[in-house]
Ligand code: GRG
């Protein structure tokens, strides 16, 4: 069953606000946290963003028949890890970006040392939040910690980022090499968002497999859409510079496949994600709408 786009966009706005309120509450740290560090963490964590990963975790939890609110701590942890990766990715030693989410990047505002520390603090706080909120459900806590660490670590996002840096020296020319980088760099955290939502709902193996398939398809389509926006998008709407990847000679989907073929591949991936969401019957309708949003977005 597909939902009207006005209904779903109101629903996503409502969920985004709930996620932002929960993130704000997780940043109520004691006096032990130095004021500048807290300010730098708040600047990046509460400074906009689509909240795509946390909303996926909430929708996955709901699709599996549980109250979406029970996945809020997992959702916050995902956004903390995602934000840390953006803060570190923007540093001069990495992508060297001055603008993020329509504002100066963290290191431009607070200096490089504070940006590194704020990223470190967000990464570690993510695991504290999971352990604290799911203390009474040790299996949920362990499953969420495992998924998040595996997706963010050396075989996931950090590994993907490393491969991406190596590709600046030895450029990628094959589509499967590019796919391997993106599956780790962005795809795994997106899949983990779905699977963590499923674990909070204590989903059965069939549901977890459907969430994994949905996440893998949506994750890759998200990256293709990002590459398309980077080559054809509007920097004002996106709140960051565009065209940097192709300017630096980095491989992109439109660069390797062409714009039309990239769009077709993204559409096929989204159709596959939608087919996976049908396992959940009417409970999967919001996941279906979210999958459509991934390729329709303008930022
Ligand atoms: C530094 C360890 C480390 C990893 C960085 C994810 C990543 C790895 C870098 C981000 C670089 C980038 C622009 C990747 C393209 C796809 C992507 C993750 C875009 C940003 O995510 P959105 O669109 O951002 O969800 P918002 O601001 O909406 O949260």
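The values are calculated or read from the model by the stated rules, or taken from the named source; none is laboratory data. No experiment lies behind these values; they were computed from the predicted model shown. Cβ: placed from backbone, ideal geometry, glycine included. Neighbour counts: every protein chain shown.
Within segment 1-15, how many residues are part of a helix (DSSP H, G or I) and either touching a residue at least 40 places away in the same chain (Cβ under 8 Å) or buried (at least 17 other Cβ atoms within 10 Å of the Cβ) (or both)?
Residues meeting the conditions: 5.
Under 9 Å between Cβ atoms, at least 6 apart or on separate chains: pull out the pairs that start in segment 143-158 with a residue that is within 25 Å of residue 94 (Cβ to Cβ) and end on any residue that is within 14 Å of the ligand (Cβ to nearest atom) and in a loop (DSSP other than H, G, I, E, B).
Matching pairs, first to second residue: 149/156; 150/156.
In segment 99-118, which residue that is touching a residue at least 60 places away in the same chain (Cβ under 8 Å) and touching a helix residue (DSSP H, G or I) at 6+ places or on another chain (Cβ under 7 Å) is nearest to residue 202 (Cα to Cα)?
Checking each candidate, the answer is 118.
Determine whether residue 173 is touching a residue at least 60 places away in the same chain (Cβ under 8 Å), away from the ligand (no atom under 11 Å from the Cβ) and more than 17 Å from residue 188 (Cα to Cα).
So residue 173 passes the test.
When you go through 203, 152, 163 one by one, which is the residue that is on the phi < 0 side of the Ramachandran plot and either touching a strand residue (DSSP E or B) at 6+ places or on another chain (Cβ under 9 Å) or within 10 Å of the ligand (Cβ to nearest atom) (or both)?
After applying the criteria, what remains is 152.
Looking at (1) more than 9 Å from the ligand (Cβ to nearest atom); (2) modelled with pLDDT of 95 or more, which is the one condition that is false for residue 182?
Against the list (1) more than 9 Å from the ligand (Cβ to nearest atom); (2) modelled with pLDDT of 95 or more, residue 182 comes up short only on (1).
Within segment 116-149, which residues are surrounded by 14 or more Cβ atoms within 10 Å (Cβ to Cβ) and farther than 18 Å from residue 72 by Cβ?
Correct list: 116, 117, 118, 119, 120, 121, 123, 142, 146, 149.
Which one is surrounded by the most Cβ atoms within 10 Å (Cβ to Cβ) among residues in segment 97-115 that are within 12 Å of the ligand (Cβ to nearest atom) and in a loop (DSSP other than H, G, I, E, B)?
Per the stated criteria, the residue is 105.
Given the options 178, 211, 229, name the one that is more than 17 Å from the chain's Cα centre (by Cα) and either crowded, with 22+ Cβ neighbours inside 10 Å or under 25 Å from residue 268 (Cβ atoms) (or both).
Being more than 17 Å from the chain's Cα centre (by Cα) and either crowded, with 22+ Cβ neighbours inside 10 Å or under 25 Å from residue 268 (Cβ atoms) (or both) holds for just one of 178, 211, 229, which is 178.
Would you mention how many residues in segment 158-178 are assigned to a loop (DSSP other than H, G, I, E, B) and closer than 26 Å to residue 84 by Cβ?
1
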